[in-house]
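Structure, as structure tokens:
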Amino acid sequence: MQAASRGILIVSSIFASLVSFAAPSTYVATRAAAVKQATLVLAELEPIARENPSHYPDKSTQQKIGQLMAGLKDLHALSVFAKLAAAVQSGLAEHQSYDSVFEHAEWLAIERVASIPGEEARFELENVLKPTLGADGHPAELFSELLAKQRALKPR
């Protein structure tokens, strides 16, 4: 099931980028730009993951991840990035040090989506990210907490 979800996430992201070449729509172009930006950051994250020696990124590695992701500001780029970061994780114990970097980045992106006030961010968090990345267990609890905090934010 987890592999199927990852496959769906990857295919949907690739489809969005391919469609951008076929239609000049502003909506599609905006989404395609978000996919491109998220993919570029994901590619830059890979060497950091390869060098991570522990089962969880230390403070230095967390800072590198945060600096790398600082350029992701758009709601849709953050959402796409979170889904792609989840999709590349293997879930195998022998890859835990590698996966932990992507997992940390995934949750950093989700938390940033939750820090954006307004209905669009709430919708993205509740109806796009939560069903695929936080359907049950501890992630579901985290999403509930993040949604409560996001709803309390005052619009800018």
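Summary table
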{"read-out": "Lone unmet requirement of (1) over 17 Å from the mean Cα position of the chain (by Cα); (2) over 23 Å from Gln62 (Cα atoms); (3) part of a helix (DSSP H, G or I); (4) of a type outside the set (A, V, I, L, M, F, W, C) for Glu124", "value": "(1)"}
{"read-out": "Region 90-109 - residue that is loosely packed, with under 15 Cβ neighbours inside 10 Å and in a helix (DSSP H, G or I) and, of those, modelled with the lowest pLDDT", "value": "Ala93"}
{"read-out": "Which listed residue, of Lys83, Lys149, Lys64, Lys130, is touching a residue at least 60 places away in the same chain (Cβ under 8 Å) and either charged (D, E, K, R) or at positive phi (or both)", "value": "Lys83"}
{"read-out": "Candidates Ala140, Ala43, Ala49, Ala82 - the one that is in contact with a Leu (Cβ under 9 Å, 6 or more places away or on another chain) and either assigned to a helix (DSSP H, G or I) or within 30 Å of Tyr27 (Cβ to Cβ) (or both)", "value": "Ala82"}
{"read-out": "Test: residue in region 110-117 that is modelled with pLDDT of 90 or more, assigned to a helix (DSSP H, G or I), closer than 26 Å to Asp136 by Cβ and of a type in the set (D, E, K, R)", "value": "yes"}
{"read-out": "Candidates Arg112, Arg156, Arg122 - the one that is surrounded by fewer than 16 Cβ atoms within 10 Å (Cβ to Cβ) and either of a type in the set (Val, Ile, Thr) or in contact (Cβ under 8 Å) with a residue 24 or more places away in the chain (or both)", "value": "Arg156"}
{"read-out": "Qualifying positions in region 116-144 - in contact with a helix residue (DSSP H, G or I) (Cβ under 9 Å, 6 or more places away or on another chain) and of a type in the set (D, E, K, R)", "value": "Glu120, Arg122, Glu124, Glu126, Lys130"}
{"read-out": "Condition check for Ser12: of a type in the set (Ser, Thr, Tyr), within 23 Å of Ala135 (Cα to Cα) and either modelled with pLDDT of 95 or more or outside any helix (DSSP H, G or I) (or both)", "value": "no"}
{"read-out": "Cβ pairs under 7 Å, 6+ apart, first in region 36-60 and closer than 19 Å to Ala93 by Cβ, second of a type in the set (Val, Ile, Thr) and at pLDDT 90 or above", "value": "Ala49/Val101; Asn52/Thr61; Asn52/Val101; Pro57/Ile65; Pro57/Val101"}
{"read-out": "Selected residue (criterion: modelled with the lowest pLDDT) from residues of region 49-63 that are crowded, with 19+ Cβ neighbours inside 10 Å and more than 16 Å from the chain's Cα centre (by Cα)", "value": "Asn52"}
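The values are calculated or read from the model by the stated rules, or taken from the named source; none is laboratory data. Please read all numbers here as calculations on a predicted model, not as lab measurements. So basically every Cβ, Gly included, is an ideal-geometry build from the backbone, and we count neighbours across all protein chains shown.
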